[in-house]
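Participant: Next up is a structure, given as structure tokens.
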Amino acid sequence: MTPVGGQPAGHDDGRPRVIAERPPAGSQVNDALIIGASAVAGLGGVVFGVALLAGAPLAIYGGALAISLLALAGAVRRYFAGRFPDVEAIEPRAELGDAEPAEAIAVVEAVGRRPLLARMLLGAAALIGLGLAAPVAVLGPSPGQALRRTAWRRGMRLVTTDGQPIRPDDVASGGVASVWPEGEIFTETAAVILVRVTPGSAQPPTVLEWVVDDSLIAYSKVCTHAGCPVALFREEDSALFCPCHQSTFDTTRGAAPTFGPAARALPQLPMGVDADGFLIALDDFRAQVGPAFG
Amino acid sequence: MTPLFALLLSTLDERLRLRQPARKTLNKVFPHHWSFLLGEVALFSLVMLVLTGIFLTMFYRPSTDLVVYTGSSALYHGQSLPAAFESIVRLTYDVNGGLLFRRIHRGAAHLFIASIILHLLRVVLTGAFRRPRELNYHLGLVLLLLAFALGFTGYSLPFDSLAGTGIRVAYSELLSFPLVGDRLAFWIFGGPFPTGDVIPRFFVFHVLLLPAIIGLLIAGHLGIVARQRHTQFPRFGIDGHRWVYGKPLWPWQFAESTTLVLWLGGVLAASALLVPWADVTLLGPYRPGIVGNNAQPDWYLFWVEGALRIFPPLEWDLPGVTIAGTFVAGVLLPGIVVAGLAAYPFIERKVYDLRGDWHVLSNPLEIPLRAGAAMGFFSFLLVLSAAATNDILSLMTGIPVETITVIFRVAALAVPTALTVAVVAYSRRRLRARGLEVGSSEAGPRRAGDPAP
């Protein structure tokens, strides 16, 4: 530190002032250090993100994070040491009730122009920020087939919410029943509604070989608009009606939408009867169950 | 500055008029010393705690209901575990980065409390608590107690066997309050230990109540520092009571803080590779009636634990009330410790008849009362802390744990007393040898009791 303007004893004019200033310790070596450390820091940030997502061992992504943060700390330190004078200053202490001193020393400015160094630092910081965003992707698993398949498999019995397998006769004329795959009660995407329509009224696009007794049809109960349970059956026009947004589906025509915001039919469950006379699934749904996904 | 950035700045400035206040803030002079960074370390540790804590909260399940773990840890696969512990096992073995963030969180928690304690030590030893800063000193003490609570609830949440045992001891401490203990314990636990309510409630304390209160108090703490300005060490030729000297916020204070936060992040990440912080999956879940050896709390509660261990057996059955040793050693004694810390600024002011405001720090050896009190006080806490390891010391040395406990009973009284007497005598002699009076090292011709101009 070199004292500025002699001994600080001469400060009694009550004004803030710089009392010592050391010029920046910039050099080509210093610049090279900043560039190298920034590069290490940015690379470390990327390695952290990629290794974390790839499920690499803790030592790799943890080490990359540690190295990149320490390298950036070093680069920041060298940057300020190389570009800014180290300034010591004094200012009068405001007594209680005084206004804060209106004056201040001049803003300490950087010495010389080194746009590359600042860009390297900011770039490294941005890459580390990007890497640190990687944990967000860990929050949920990869969707895979989870949205394309349901719990229904060939030969699974349809059971009520109590777990009782059901026979075609259990659904009266004009009646409906909520059923599930055996052992998968309340598995949301597998919810099915059985409807008894007037015999012979079902016509394509209803798949007629999946209609039992010429009148009993199974549809996905999950609305294709926003996923509410399509819980209401209007007997006079054999319509399924969604209480959330009023989408209406014609059960005699493959549950095609006839009103409201739903754009897609409720998928029909391939259904048959087993040797003991219970209703069974012949397969999973053939069409996409529930709302669209991007 | 790129034109786009300059445009953004001028657009903001036209609306918010920030250029003038910003310039003033950038030029504000901050007293400069490495020990002034301890509080900043605590602040940045808290930032790390919040960031990693958000990630952990996404996976943690605050419940003690039993669930079956079906993940990739062979040790626990297929086992029925308390849901809280199960989610910790899942975080550790089945979530990418889960173990890293758990360890950084635990490491940052240790650092948070350690840096607050060192910050307190700095404030006490140098006299930064003196008028007009008593209020902020007390705010800091409250923050330290809240940090203990934050640490203890966090330590409890995994519901491993040590955590459950720690909760049991805390429950017993609450029970020991005379007259209201049973009610107090049931209010906090929602019934007799271990109710299903304790973990959900500790979770709310840990992630919502305590962080919110701590955040508000820190804002107040820093606001008061900004208003009163930081204290500073004496400097030859400058009257520190009239002038603030140090470095302007821009660039060096800014550079230092930025470097510090990066450095801390890097060190914590490195520590996660080297130190098995928080590997509670090795301890197993809490099951009532089962605990292993080395049942210690986290280090910052060793002093309370030590007091519990060496306090003589006591249970007074008075008419209508029972005074138990757990209350005296685990509640009353810590209460006296905190009250002593809180009262000290006023005691020193009274004893030396100090008046006026004090902005310049001092060497504790120049104030014999402070040197003696600090030495006695912190050595007492250290001996108590050491007493919390009596079982481990016994195992290491072969001396029976009973003998070690008796030694600690004597040491807890004798060591602080002897050290206090020695330090007071030394600092008095030192003052005499230099021909000084208390407080006379303040810059200028000021003596003890002189007000700041």
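The values are calculated or read from the model by the stated rules, or taken from the named source; none is laboratory data. Bear in mind that the values here come from a model prediction, so they are computed numbers and not experimental data. Because the Cβ atoms are built from the backbone with ideal geometry, glycine has one as well, and the counts that use them run over all protein chains shown.
Participant: Could you look through segment B:1-51, keep only residues that are within 17 Å of B:Gly246 (Cα to Cα) and polar (S, T, N, Q), and pick out the one that is nearest to the other protein chains (Cβ to nearest Cβ)?
Facilitator: Of everything passing the filter in segment B:1-51, B:Asn27 is nearest to the other protein chains (Cβ to nearest Cβ).
Participant: Could you please let me know if B:Val95 is at pLDDT 95 or above and either within 10 Å of chain A (Cβ to nearest Cβ) or surrounded by fewer than 22 Cβ atoms within 10 Å (Cβ to Cβ) (or both)?
Facilitator: Working: at pLDDT 95 or above: no; either within 10 Å of chain A (Cβ to nearest Cβ) or surrounded by fewer than 22 Cβ atoms within 10 Å (Cβ to Cβ) (or both): yes.
No; evaluated as a whole, the condition is false for this residue.
Participant: Now for a different question. When segment B:102-142 is examined, which residues are found to be buried (at least 22 other Cβ atoms within 10 Å of the Cβ) and in contact with a His (Cβ under 7 Å, 6 or more places away or on another chain)?
Facilitator: B:Gly140
Participant: Still on this model: Can you confirm whether B:Pro251 is under 30 Å from A:Asp86 (Cβ atoms), over 19 Å from the mean Cα position of the chain (by Cα) and either surrounded by 16 or more Cβ atoms within 10 Å (Cβ to Cβ) or small (Gly, Ala, Ser) (or both)?
Facilitator: On the way: under 30 Å from A:Asp86 (Cβ atoms): yes; over 19 Å from the mean Cα position of the chain (by Cα): yes; either surrounded by 16 or more Cβ atoms within 10 Å (Cβ to Cβ) or small (Gly, Ala, Ser) (or both): yes.
In short, yes.
Participant: Next question, about the same structure. What tally of residues in segment A:131-169 results from selecting those that are of a type in the set (D, E, K, R) and surrounded by 17 or more Cβ atoms within 10 Å (Cβ to Cβ)?
Facilitator: Narrowing segment A:131-169 to residues of a type in the set (D, E, K, R): A:148-149, A:153-154, A:157, A:162, A:167, A:169.
From what's left, surrounded by 17 or more Cβ atoms within 10 Å (Cβ to Cβ): A:157.
Adding up the residues that qualify gives 1.
Participant: Let me ask something additional. Any residue that is without any contact (Cβ under 8 Å) to a residue 24 or more places away in the chain, more than 14 Å from chain A (Cβ to nearest Cβ) and part of a helix (DSSP H, G or I) - is there at least one of those in segment B:234-257?
Facilitator: Checked against the condition, which is being without any contact (Cβ under 8 Å) to a residue 24 or more places away in the chain, more than 14 Å from chain A (Cβ to nearest Cβ) and part of a helix (DSSP H, G or I), segment B:234-257 yields no hits at all.
Participant: For B:His110, indicate whether it is of a type outside the set (Phe, Trp, Tyr), in contact with an Asp or Glu (Cβ under 8 Å, 6 or more places away or on another chain), more than 14 Å from chain A (Cβ to nearest Cβ) and in contact (Cβ under 8 Å) with a residue 12 or more places away in the chain.
Facilitator: Working: of a type outside the set (Phe, Trp, Tyr): yes; in contact with an Asp or Glu (Cβ under 8 Å, 6 or more places away or on another chain): yes; more than 14 Å from chain A (Cβ to nearest Cβ): yes; in contact (Cβ under 8 Å) with a residue 12 or more places away in the chain: yes.
So B:His110 fits the description; yes.
Participant: Restricting the search to segment B:47-64, which residues are under 16 Å from B:Val95 (Cβ atoms) and either touching a residue at least 40 places away in the same chain (Cβ under 8 Å) or among the hydroxyl-bearing types (Ser, Thr, Tyr) (or both)?
Facilitator: Scanning segment B:47-64 gives B:Thr52, B:Gly53, B:Phe55, B:Leu56, B:Thr57, B:Tyr60.
Participant: Being in contact (Cβ under 8 Å) with a residue 40 or more places away in the chain and either surrounded by 15 or more Cβ atoms within 10 Å (Cβ to Cβ) or among the basic types (Lys, Arg) (or both) is the filter here, so list the residues in segment A:234-254 that pass it.
Facilitator: Of segment A:234-254, the ones in contact (Cβ under 8 Å) with a residue 40 or more places away in the chain are A:235, A:238, A:240, A:251-254.
Of everything in segment A:234-254, those that are in contact (Cβ under 8 Å) with a residue 40 or more places away in the chain and either surrounded by 15 or more Cβ atoms within 10 Å (Cβ to Cβ) or among the basic types (Lys, Arg) (or both) turn out to be A:Ser238, A:Leu240, A:Thr251, A:Thr252, A:Arg253, A:Gly254.
Participant: Report whether or not B:Pro200 is part of a loop (DSSP other than H, G, I, E, B) and more than 16 Å from B:Val29 (Cα to Cα). Full working, then the answer.
Facilitator: Details: part of a loop (DSSP other than H, G, I, E, B): no; more than 16 Å from B:Val29 (Cα to Cα): yes.
Against the criterion (part of a loop (DSSP other than H, G, I, E, B) and more than 16 Å from B:Val29 (Cα to Cα)), B:Pro200 does not qualify.
Participant: Condition test on B:Ser156, is it without any contact (Cβ under 8 Å) to a residue 60 or more places away in the chain, crowded, with 20+ Cβ neighbours inside 10 Å and more than 14 Å from the chain's Cα centre (by Cα)? Show your work before the answer.
Facilitator: Working: without any contact (Cβ under 8 Å) to a residue 60 or more places away in the chain: yes; crowded, with 20+ Cβ neighbours inside 10 Å: yes; more than 14 Å from the chain's Cα centre (by Cα): yes.
Taking the combined requirement at face value, the residue satisfies it.
Participant: I'm told A:Leu194 meets every condition in (1) within 24 Å of A:Ile166 (Cα to Cα); (2) part of a loop (DSSP other than H, G, I, E, B); (3) in contact (Cβ under 8 Å) with a residue 24 or more places away in the chain; (4) among the aliphatic types (A, V, I, L, M) except one. Can you identify the failing condition by its number?
Facilitator: (2)
Participant: While we're looking at this one, here's another question. Output the number of the condition that B:Ile323 fails; it satisfies all remaining conditions of (1) crowded, with 19+ Cβ neighbours inside 10 Å; (2) modelled with pLDDT of 90 or more.
Facilitator: In the conditions (1) crowded, with 19+ Cβ neighbours inside 10 Å; (2) modelled with pLDDT of 90 or more, B:Ile323 misses (1) alone.
Participant: Considering segment B:341-364 alone, what residues qualify as being loosely packed, with under 13 Cβ neighbours inside 10 Å and part of a helix (DSSP H, G or I)? Can you show your working first?
Facilitator: Step one: list which residues in segment B:341-364 are loosely packed, with under 13 Cβ neighbours inside 10 Å, which gives B:343, B:346, B:350, B:353.
Scanning segment B:341-364 gives B:Ala343, B:Phe346, B:Lys350.
Participant: Is segment B:196-216 home to any residue that is closer than 30 Å to B:Val360 by Cα and either modelled with pLDDT under 95 or surrounded by 13 or more Cβ atoms within 10 Å (Cβ to Cβ) (or both)?
Facilitator: So in segment B:196-216, the residues closer than 30 Å to B:Val360 by Cα come out as B:214-216.
Applying the additional criterion that residues be either modelled with pLDDT under 95 or surrounded by 13 or more Cβ atoms within 10 Å (Cβ to Cβ) (or both) yields B:214.
Yes, there is a match, as at least one residue in segment B:196-216 is closer than 30 Å to B:Val360 by Cα and either modelled with pLDDT under 95 or surrounded by 13 or more Cβ atoms within 10 Å (Cβ to Cβ) (or both).
Participant: Let me ask something else. So A:Gln28 fits all but one of (1) at the interface with chain B (Cβ under 10 Å from one of its Cβ atoms); (2) among the polar types (S, T, N, Q); (3) without any contact (Cβ under 8 Å) to a residue 60 or more places away in the chain; what number is the exception?
Facilitator: Result: A:Gln28 fails condition (1) only.
Participant: Looking at (1) within 47 Å of the chain's Cα centre (by Cα); (2) surrounded by 15 or more Cβ atoms within 10 Å (Cβ to Cβ); (3) under 30 Å from B:Gly240 (Cα atoms), find the lone condition where A:Val107 falls short.
Facilitator: (2)
Participant: Give the residue that is farthest from the other protein chains (Cβ to nearest Cβ), with candidates limited to residues of segment A:48-69 that are surrounded by fewer than 20 Cβ atoms within 10 Å (Cβ to Cβ) and among the aliphatic types (A, V, I, L, M).
Facilitator: Selected residue: A:Val50.
Participant: Further question: Quick one: B:Gly289 ticks every box in (1) in contact (Cβ under 8 Å) with a residue 60 or more places away in the chain; (2) at positive phi except a single one, so which number is it?
Facilitator: Only one criterion in (1) in contact (Cβ under 8 Å) with a residue 60 or more places away in the chain; (2) at positive phi is unmet by B:Gly289, namely (1).
Participant: Name the residue that is nearest to the other protein chains (Cβ to nearest Cβ), counting only residues in segment B:279-306 that are outside any helix (DSSP H, G or I) and touching a Pro at 6+ places or on another chain (Cβ under 8 Å). So that I can check it myself, show each step before the final result.
Facilitator: If we filter segment B:279-306 for residues that are outside any helix (DSSP H, G or I), which is where we start, we get B:279, B:283-298.
Remaining after also requiring touching a Pro at 6+ places or on another chain (Cβ under 8 Å): B:285-286, B:288.
On the way: B:Pro285: 23, B:Tyr286: 26, B:Pro288: 33 Å.
My answer is B:Pro285.
Participant: Taking A:Asp169 as the residue in question, decide whether it is among the charged types (D, E, K, R) and assigned to a helix (DSSP H, G or I). Break it down into steps so the answer makes sense when it comes.
Facilitator: Working: among the charged types (D, E, K, R): yes; assigned to a helix (DSSP H, G or I): yes.
Taking the combined requirement at face value, the residue satisfies it.
Participant: Let me ask something additional. Considering each of A:Ala125, A:Ala137 in turn, give the residue that is farther than 30 Å from B:Leu26 by Cβ, part of a helix (DSSP H, G or I) and within 13 Å of chain B (Cβ to nearest Cβ).
Facilitator: Of A:Ala125, A:Ala137, the one residue that is farther than 30 Å from B:Leu26 by Cβ, part of a helix (DSSP H, G or I) and within 13 Å of chain B (Cβ to nearest Cβ) is A:Ala137.
Participant: Continuing with this model, one more query. Name the residue, out of B:Trp277, B:Trp243, that is under 30 Å from B:Leu100 (Cβ atoms) and aromatic (Phe, Trp, Tyr).
Facilitator: Values: B:Trp243 fails: under 30 Å from B:Leu100 (Cβ atoms).
So the residue among B:Trp277, B:Trp243 that is under 30 Å from B:Leu100 (Cβ atoms) and aromatic (Phe, Trp, Tyr) is B:Trp277.
Participant: From the set of residues in segment A:70-96 that are closer than 28 Å to A:Leu117 by Cα, in contact with a strand residue (DSSP E or B) (Cβ under 8 Å, 6 or more places away or on another chain) and facing another protein chain (nearest Cβ under 7 Å), which is surrounded by the fewest Cβ atoms within 10 Å (Cβ to Cβ)?
Facilitator: Going through segment A:70-96, the residues closer than 28 Å to A:Leu117 by Cα turn out to be A:70-89.
Narrowing further to those that are in contact with a strand residue (DSSP E or B) (Cβ under 8 Å, 6 or more places away or on another chain): A:85-89.
When the remaining residues are screened for being facing another protein chain (nearest Cβ under 7 Å), the result is A:86-89.
On the way: A:Asp86: 18, A:Val87: 23, A:Glu88: 21, A:Ala89: 25.
Looking at the filtered set, the residue picked out is A:Asp86.
Yes/no matrix, rows are residues, columns are (1) out of contact with any helix residue (DSSP H, G or I) (no Cβ under 7 Å at 6 or more places or on another chain); (2) hydroxyl-bearing (Ser, Thr, Tyr); (3) in a helix (DSSP H, G or I):
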{"position": "B:Val142", "(1), (2), (3)": "no, no, yes"}
{"position": "B:Thr153", "(1), (2), (3)": "no, yes, yes"}
{"position": "B:Ser172", "(1), (2), (3)": "no, yes, yes"}
{"position": "B:Pro192", "(1), (2), (3)": "yes, no, no"}
{"position": "B:Ala212", "(1), (2), (3)": "yes, no, yes"}
